[in-house]
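Report on the following structure.
Please treat every number below as a calculation from the coordinates, not as lab data. Note that the structure is predicted; figures quoted are calculated from it, not measured. Using ideal geometry, Cβ is built from the backbone for each residue, glycine included, and neighbour counts are taken over all protein chains shown.
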Amino acid sequence: MKLAKKAGAVIDKEPQKVFWGGYSGYFTDPNGYYCEVAYNPFWSFDENDMLVLNDNETK
C-alpha cells in the first residue's frame, strides 16, 4: 500500500484484519482502476513467488 501511494494511488480503505485471518485494503491507481491488496499468513508460494493453491481449495 505504501508503494501504491508513493506511485500516485489514492488509498480508499487502509489495510485491516479480515474474517478469514489475513489483511485486506483497497486503492485507486492513477488511471482510475480500483484494486485490492490482500495478505493471508497461511498462503504459500512456489520458487517463482507464485501463489500455490491446494487442489481442495480450487474445487
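Taking chymotrypsin sites (Phe, Trp or Tyr not before Pro) in DSSP loop states with no more than 12 other Cβ atoms inside 10 Å as exposed sites, the chain has its longest site-free stretch at 1-18. Helical content alone sets the calculated 222 nm signal of the chain at -2500 deg cm²/dmol, taking -39,500 (n - 2.57) per DSSP H segment of four or more residues and averaging over every residue. Looking at the chain, the GluC sites (Glu not before Pro) that sit in a DSSP loop and have at most 16 other Cβ atoms within 10 Å of their own Cβ are Glu47.
Which one, (1) 21, 14, 11; (2) 32, 13, 6; (3) 25, 14, 11, gives semi-axes √(5λ) of the Cα gyration tensor in Å as derived from the coordinates shown? The listed entry that was calculated here is (3).
Note on Phe42 and Thr28: the extension gain reaches 2.4 nm, defined as 0.36 nm multiplied by sequence separation minus the Cα-Cα distance.
Placing +1 on the Cβ of every Lys and Arg and -1 on the Cβ of every Asp and Glu, with no other charges, gives the chain a dipole of roughly 360 debye about its Cα centre.
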